[in-house]
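Chemist: Below is the structure I would like to discuss, written out as structure tokens.
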Amino acid sequence: MCGIVGYIGENQAAPILLDGLAKLEYRGYDSAGIAIYDGNEIRMEKVMGRLKVLEELTHGGETMPGCAGIGHTRWATHGCPSDTNAHPHFNKEHSIVVVHNGIIENYAKLKRKLEAKGYEFLSETDTEVLVHLLTEYYDGDPIAAIERVMRRVEGSYALGIMFLDHPHHIYAARKDSPLIVGASPVGNLIASDVPAILRYTRNVYYMENEEIVCLSKENIRFFNIDGDKLEKTPTTIDWDIDAAEKGGYEHFMLKEIYEQPKAVRDTISPRLKNNDVVIEELGMTDDELRAVRKISIVACGSAYHAGITGKYVLEGMARIPVEVDLASEFRYRNPIYEEGTLAIIISQSGETADSLAALREAKKHGVRVLGIVNVVGSSIAREADNVMYTWAGPEISVATTKAYSAQIAALYLLAMKFAKVRGTVSQEEFLKMQSDLEQLPEQIETLLGMKEKIQRFANRYLAADHMFFIGRGIDYAISLEGSLKLKEISYIHSEAYAAGELKHGTISLIEDGTLVVALATQENLYPKTISNIVEVKTRGAFVMAVTNFGHKEIEKTADYVIYIPKTNQFFTNSLAIIPLQLFGYYVSLGRGLDVDKPRNLAKSVTVE
Ligand code: G6P
């Protein structure tokens, strides 16, 4: 994954790079480094650990004077986290320096060839081949050298490069890893993502695959891989700068949990018009919607969990068969596309490597692709035939909350649209759904008011070894996400199980006191789930149940109960997930962990 940033302009570069890297730390945080041209030579500092180690080492950048530089925050792929493997990487003469996000797949072969030519490798990274290849091809023309390197390497990259010979320029190139360019009155910038440069500019150019850029203090020049000059138009980013700051909350995760009413409202409201769901971005006529015979949803992580909810909702409400796949599996399973298939790729970042590859696979088969994406202008948004944006705003915490909530809200809208045009719901049912949908933000707000209660409960489980989340139907989909939230930030082992499946093996893990979180929001499945609760209680489990208001009798079976407000059966996920997110957050907090940056993870997974 990794985050890269670069600056050239009138101001000191190091503080700008450190500030930008801080906004990109969600992409990786096992080491960080910067390289700055100081008027005489390129100097570099890089160190294992969080960015704050680098900040201390350089006194906030003060020890690294100069107005041009590149920086990197790493999520290790090739080579363990260490000072040596940290980026940037220099050539032997310290005349070329590189930062890289992505993976060079043919690096082993290239490394052997370069070693045979006498190049000495200092690190275990794939990136180091880039700097030696650049040295090999460089004859005074940086663009020509970069082009040749791009033709030799396979894999993905966003690169920031400096040449000592050209100290008044920084260079960058990309293929399959995100890279943006920002133009500001005090200089020009490159970065992996918008928040890194939002403080300096809102004018952003999106780099396409196999493009190169050369920045000076005053100019930005784009080239394709053949060295032809390109004209590009900037996009204005309208994100609120505060949205990417903590705004008084202890963690981004808590702030983002609290932003969910707004995220859901912003995703729903503009699309509810005149007693109808209007999704102009779908670009499909009612006849085309009626002609869809199958939907194929592909995503990773929580977005995949949103997809599973989408399956239950789309099939249940609109009676369309839906397949849901993990993108990393989908891309290599030779999927079968029937005529009339609509592919939906769900992604917060719009940059997840496997999801992007799945999108391309679907397009290769001539299937129409709809992206449900949060980051405007991201790769998936640009490559999909149509994009339905989730309006959750920037999400910084590695564990997603508000983007997930916005994704399921977008899927409800889609299901309602399909249901309406295909006549699987009556107008009366439709209007009731619409009103239930409109109430969700307020109901989420009410649930957020439970935070102290959940925190007290969470504090009882700080030393747990493992937990289970169970449910049926949509409750199973909620369990998957609740369990992931808990384990990714608390490091407590947790599994989600379809409640009826537990007895086929996993129930043997239930012991005296094991916490089982049972979701029971689906009225038609309620008695079945109660039976499953009884089964685990008989084996000694302590059961926390999440159910709808009105089911007071559940207190005779479950040990601890959280009630969610009444809503349409298809929408309960939006409410039941709130206490589970808070539970995960408070367990992590109580265990003294780094909630926003859990170990080994990164938010935007731009490698396979
Ligand atoms: C990472 C994040 C998850 C996210 C998943 C998919 O694993 O930590 O929160 O759900 O990637 O990311 P995407 O940006 O495609 O939604």
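Chemist: Return the only residue of SER479, SER494, SER483 being assigned to a strand (DSSP E or B) and either within 25 Å of ILE308 (Cβ to Cβ) or within 16 Å of the ligand (Cβ to nearest atom) (or both).
Modeler: Every option except SER494 fails the conditions.
Chemist: Then there's this: Could you say whether any residue in region 446-457 is closer than 23 Å to THR309 by Cα and either under 23 Å from the mean Cα position of the chain (by Cα) or surrounded by fewer than 21 Cβ atoms within 10 Å (Cβ to Cβ) (or both)?
Modeler: The answer is yes; a qualifying residue exists.
Chemist: Turning to a different aspect of this structure: Taking the criterion of being outside any helix (DSSP H, G or I), on the phi < 0 side of the Ramachandran plot and touching a residue at least 40 places away in the same chain (Cβ under 8 Å), would at least one residue in region 446-453 satisfy it?
Modeler: yes
Chemist: Same structure, new question: Scanning region 170-213 for residues that are touching a Pro at 6+ places or on another chain (Cβ under 6 Å) and not in a strand (DSSP E or B), which turns out surrounded by the most Cβ atoms within 10 Å (Cβ to Cβ)?
Modeler: SER192
Chemist: Answer yes if at least one residue in region 38-59 is modelled with pLDDT under 95 and in contact with a His (Cβ under 7 Å, 6 or more places away or on another chain), and no otherwise.
Modeler: no
Chemist: Residues of region 185-214 being over 22 Å from the mean Cα position of the chain (by Cα) and within 16 Å of GLN12 (Cα to Cα), which ones?
Modeler: Step one: filter region 185-214 for residues over 22 Å from the mean Cα position of the chain (by Cα), giving 185-189, 200-201, 203, 210-214.
Answer for region 185-214, where residues must be over 22 Å from the mean Cα position of the chain (by Cα) and within 16 Å of GLN12 (Cα to Cα): PRO185, VAL186, GLY187, ASN188, LEU189, TYR200.
Chemist: Give me a count of the residues in region 52-76 that are surrounded by 21 or more Cβ atoms within 10 Å (Cβ to Cβ) and in a helix (DSSP H, G or I).
Modeler: Selection size over region 52-76: 2.
Chemist: Could you figure out which of (1) surrounded by fewer than 22 Cβ atoms within 10 Å (Cβ to Cβ); (2) touching a Ser or Thr at 6+ places or on another chain (Cβ under 8 Å) isn't true of ILE489?
Modeler: Checking ILE489 against (1) surrounded by fewer than 22 Cβ atoms within 10 Å (Cβ to Cβ); (2) touching a Ser or Thr at 6+ places or on another chain (Cβ under 8 Å), the one that fails is (1).
Chemist: Identify the residue in region 330-349 that is under 19 Å from the mean Cα position of the chain (by Cα) and at pLDDT below 95 and, among all such residues, is farthest from ILE408 (Cα to Cα).
Modeler: ARG331
Chemist: In addition: Could you check LEU282 against (1) at pLDDT 95 or above; (2) crowded, with 18+ Cβ neighbours inside 10 Å; (3) more than 16 Å from the ligand (Cβ to nearest atom) and say which number it fails?
Modeler: With (1) at pLDDT 95 or above; (2) crowded, with 18+ Cβ neighbours inside 10 Å; (3) more than 16 Å from the ligand (Cβ to nearest atom) applied to LEU282, the lone miss is (1).
Chemist: Given (1) out of contact with any strand residue (DSSP E or B) (no Cβ under 6 Å at 6 or more places or on another chain); (2) touching a residue at least 24 places away in the same chain (Cβ under 8 Å), identify the lone condition not met by HIS100.
Modeler: Condition (1) is where HIS100 drops out.
Chemist: Could you tell me which numbered condition SER397 fails, if it satisfies all but one of (1) at pLDDT 95 or above; (2) within 15 Å of the ligand (Cβ to nearest atom)?
Modeler: (1)
Chemist: Also, I was wondering about something else. Can you name the residue in region 290-312 that is of a type in the set (A, V, I, L, M, F, W, C), more than 16 Å from the ligand (Cβ to nearest atom) and touching a strand residue (DSSP E or B) at 6+ places or on another chain (Cβ under 9 Å) and is also nearest to THR572 (Cα to Cα) among such residues? Don't jump to the end; show me each part of the working.
Modeler: Initial filter on region 290-312 (of a type in the set (A, V, I, L, M, F, W, C)): 291-292, 295, 297-300, 303, 306, 308.
From what's left, more than 16 Å from the ligand (Cβ to nearest atom): 291-292, 295.
With the extra rule that they be touching a strand residue (DSSP E or B) at 6+ places or on another chain (Cβ under 9 Å), the set shrinks to 292, 295.
Details: VAL292: 26, ILE295: 22 Å.
If we take residues in region 290-312 being of a type in the set (A, V, I, L, M, F, W, C), more than 16 Å from the ligand (Cβ to nearest atom) and touching a strand residue (DSSP E or B) at 6+ places or on another chain (Cβ under 9 Å), then ILE295 is nearest to THR572 (Cα to Cα).
Chemist: All but one of (1) out of contact with any Gly (no Cβ under 8 Å at 6 or more places or on another chain); (2) among the hydrophobic types (A, V, I, L, M, F, W, C); (3) closer than 22 Å to ALA403 by Cβ hold for PHE222, so report the exception by its number.
Modeler: Failed condition: (3).
Chemist: Let me ask something additional. When you scan region 319-420 for helices (runs of 4 or more DSSP H) that lie fully inside it, which ones turn up with 3 or more residues that are touching a strand residue (DSSP E or B) at 6+ places or on another chain (Cβ under 8 Å)?
Modeler: 353-364, 379-383
Chemist: Same structure again: Quick check on my filter: what residues within region 370-380 are buried (at least 23 other Cβ atoms within 10 Å of the Cβ) and among the hydrophobic types (A, V, I, L, M, F, W, C)?
Modeler: Result: LEU370, ILE372, VAL373, VAL375, ILE380.
Chemist: Mind checking whether some residue in region 529-547 is modelled with pLDDT of 95 or more, away from the ligand (no atom under 16 Å from the Cβ), more than 21 Å from MET467 (Cα to Cα) and of a type outside the set (D, E, K, R)?
Modeler: Within region 529-547, not a single residue is modelled with pLDDT of 95 or more, away from the ligand (no atom under 16 Å from the Cβ), more than 21 Å from MET467 (Cα to Cα) and of a type outside the set (D, E, K, R).
Okay, residues lined up against (1) touching a strand residue (DSSP E or B) at 6+ places or on another chain (Cβ under 9 Å); (2) of a type in the set (Ser, Thr, Tyr):
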site	(1), (2)
GLU555	yes, no
PRO565	yes, no
ASN568	no, no
GLN581	no, no
SER588	no, yes
ARG591	no, no
ASP594	no, no
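Chemist: Pick from region 85-123 the residues that are within 28 Å of the chain's Cα centre (by Cα) and in a loop (DSSP other than H, G, I, E, B): which of them is farthest from ILE16 (Cα to Cα)?
Modeler: Start the filter on region 85-123 by keeping residues that are within 28 Å of the chain's Cα centre (by Cα), which leaves 85-89, 98-107.
Checking which are in a loop (DSSP other than H, G, I, E, B) leaves us with 85-88, 102-103, 105-106.
Numbers: ASN85: 23, ALA86: 19, HIS87: 17, PRO88: 16, GLY102: 23, ILE103: 26, GLU105: 32, ASN106: 33 Å.
Taking the candidates together, the pick is ASN106.
Chemist: Also, I was wondering about something else. Tell me whether region 145-154 contains one or more residues that are touching a helix residue (DSSP H, G or I) at 6+ places or on another chain (Cβ under 6 Å), β-branched (Val, Ile, Thr), farther than 23 Å from GLY20 by Cβ and buried (at least 22 other Cβ atoms within 10 Å of the Cβ).
Modeler: Yes - at least one qualifying residue is present in region 145-154.
Chemist: Mind checking which residues of region 541-559 are farther than 19 Å from LEU448 by Cβ and not β-branched (Val, Ile, Thr)? Steps first, answer last, please.
Modeler: At the first step, the residues of region 541-559 found to be farther than 19 Å from LEU448 by Cβ are 541-543, 545, 550-559.
Result: ALA541, PHE542, ALA545, GLY550, HIS551, LYS552, GLU553, GLU555, LYS556, ALA558, ASP559.
Chemist: Of the residues PRO178, PRO185, only one is closer than 26 Å to VAL605 by Cβ and of a type outside the set (Ser, Thr, Tyr); which?
Modeler: Working: PRO185 fails: closer than 26 Å to VAL605 by Cβ.
None of the other options fit; the residue is PRO178.
Chemist: Are any of the residues in region 578-597 within 16 Å of the ligand (Cβ to nearest atom), in contact with a Pro (Cβ under 7 Å, 6 or more places away or on another chain) and either closer than 30 Å to ARG50 by Cα or not hydroxyl-bearing (Ser, Thr, Tyr) (or both)?
Modeler: Among the residues of region 578-597, not one is within 16 Å of the ligand (Cβ to nearest atom), in contact with a Pro (Cβ under 7 Å, 6 or more places away or on another chain) and either closer than 30 Å to ARG50 by Cα or not hydroxyl-bearing (Ser, Thr, Tyr) (or both), which makes the answer no.
Chemist: Against the conditions (1) over 18 Å from GLY371 (Cβ atoms); (2) within 14 Å of the ligand (Cβ to nearest atom), where does SER349 fall short? Just the number, please.
Modeler: If we test SER349 against (1) over 18 Å from GLY371 (Cβ atoms); (2) within 14 Å of the ligand (Cβ to nearest atom), just (1) comes out false.
Chemist: Give me a count of the residues in region 320-359 that are without any contact (Cβ under 8 Å) to a residue 24 or more places away in the chain and farther than 27 Å from THR401 by Cα.
Modeler: Summing the residues that are without any contact (Cβ under 8 Å) to a residue 24 or more places away in the chain and farther than 27 Å from THR401 by Cα in region 320-359 gives 4.
The values are calculated or read from the model by the stated rules, or taken from the named source; none is laboratory data. The shown structure was predicted, so the numbers you read here are calculated from the model rather than taken from an experiment. As a convention, Cβ positions derive from the backbone with ideal geometry for all residues, glycine included, and neighbour counts pool all protein chains shown.
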